[in-house]
Amino acid sequence: MSAERTETFTIDQSLPGERLDKFLSTRYAAVSRGAIQQLIEEAHIKVNGQPVKAAYSPRAGDVVEVFFPEARPPVTRPEEIPLDILYEDKDLLVLNKAPGIVVHPSVGHEAHTLVNALLHHCKGQLSGIRGVAQPGVVHRIDKDTSGCLVVAKNDAAHLALSDQFATRTTEKSYSAILCGEVPRESGEIDAAIARHPSHRKRMAVARGEAGRESRTTYRVTERLLYSTLVEADLCTGRTHQLRVHFQHIGFPIAGDDTYGKKQTAKLSELTGYKPPRVLLHSHKLSFNHPRTGRRRRFTAPLPEDFQQALAALQVPS
């Protein structure tokens, strides 16, 4: 379990338009803004030796003291669930996540999640950077998405990996089967993404300055029956980025009922094949090891249902 610790630093320049909670959530990328706000409310964060409000604007010369208390025991129950481990050492593990498993417990998914499985597997080797001792899942993939996922076992690895994802020094490549015949052999989608204005559980390409910068590159790897297999690289890491971007250019991911229900239905009508899920797989992941600094590259083989989809959608010879 993560032990308590204190970090102290001095503000280099005044930030009149910045809030302290936002500034610290950027400095500590692995800690959510809500967790930072809680630390401020509990007077675990002080400026010049005094408690402050979350809205305080940092000034040049301010001495900021951040106390991270000992992590609370996890509320989530450990469960013995099989894991497909691609790599593991004392700092991290890389998983080939199976499709259909939820990563984090949530309302309606309180058990049988990846975190439940990791709590059992790690047995005390847990990060406490978010205030609760738990596996350090530093990036997310959706329930139906399969493939590479890195998990930190301690605070140092958690912070280092989170910083790499925040600064985009990781490399993430996905395999996806798209509805329709993509005309170009490769392309780039540069379209900001924001929360959908009327469907709060969905994301959408944003107009004007409302969204966050989002960029995807892709290349065709195989032309299938009324569909296309592509390899896509995430240049940014927005929620549902690939699903939204491919819908935006008119070729949503097969099996995606949220962003491409009509196109998936059309594909099934034309081919007789019905996708069991969103046909998206986190195929490759690269990052610098948090302890050694060496570049590590991992590849997750395509799961059985994805291979079945490719077989069913082969163009007749």
- Is it the case that segment 31-38 has a residue that's over 30 Å from the mean Cα position of the chain (by Cα), part of a loop (DSSP other than H, G, I, E, B) and either crowded, with 16+ Cβ neighbours inside 10 Å or among the polar types (S, T, N, Q) (or both)? no
- Message: Just the residues that are crowded, with 16+ Cβ neighbours inside 10 Å and assigned to a loop (DSSP other than H, G, I, E, B), please, taken from segment 303-317.
- Response: PRO303, LEU313
- Exception for ASP233 within (1) surrounded by fewer than 19 Cβ atoms within 10 Å (Cβ to Cβ); (2) touching a helix residue (DSSP H, G or I) at 6+ places or on another chain (Cβ under 8 Å) falls at (2)
- Message: I'd like to check something: does segment 205-218 contain any residue that is basic (Lys, Arg) and either in a helix (DSSP H, G or I) or under 28 Å from ILE85 (Cα atoms) (or both)?
- Response: no
- Message: Here is a check on your reading of the model: is ALA300 over 19 Å from LEU95 (Cα atoms) and touching a Ser or Thr at 6+ places or on another chain (Cβ under 9 Å)?
- Response: no
- Query: For segment 1-42, which residues satisfy the criterion of being in contact (Cβ under 8 Å) with a residue 40 or more places away in the chain and acidic (Asp, Glu)?
  - Reply: GLU4, GLU7, ASP12, GLU18
- List every residue pair whose Cβ atoms sit under 6 Å apart, with the two residues 6 or more apart in sequence or on different chains, where the first one lies in segment 235-262 and is on the phi > 0 side of the Ramachandran plot and the second, anywhere, is modelled with pLDDT under 95. HIS240/MET203
- Note on the structure: From the option list THR264, THR292, THR271, single residue qualifying as among the β-branched types (Val, Ile, Thr) and under 30 Å from VAL94 (Cβ atoms) is THR292
- Does ARG238 count as at pLDDT below 95, in a loop (DSSP other than H, G, I, E, B), outside the structural domain of ALA98 (by TED's automatic domain parsing) and under 19 Å from the mean Cα position of the chain (by Cα)? yes
- Residue in segment 292-302 that is surrounded by the fewest Cβ atoms within 10 Å (Cβ to Cβ), counting only those that are of a type outside the set (Lys, Arg) and more than 17 Å from ILE253 (Cα to Cα): GLY293
- Among the residues of segment 161-175, is any crowded, with 17+ Cβ neighbours inside 10 Å, farther than 30 Å from ALA311 by Cβ and in contact with a Cys (Cβ under 9 Å, 6 or more places away or on another chain)? no
- Message: Step by step: first the residues of segment 1-17, then only those that are surrounded by fewer than 14 Cβ atoms within 10 Å (Cβ to Cβ) and in a loop (DSSP other than H, G, I, E, B), then the one that is modelled with the lowest pLDDT. Which residue is that?
- Response: ALA3
- Determine which single condition ASP89 fails, assuming it passes every other condition in (1) surrounded by 14 or more Cβ atoms within 10 Å (Cβ to Cβ); (2) under 20 Å from VAL138 (Cβ atoms). (1)
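The values are calculated or read from the model by the stated rules, or taken from the named source; none is laboratory data. Predicted, not measured: the structure shown is a model, and the values here were computed from it. Don't worry about glycine lacking a Cβ; one is built from the backbone with ideal geometry, like all the others, and counts go over all protein chains shown.
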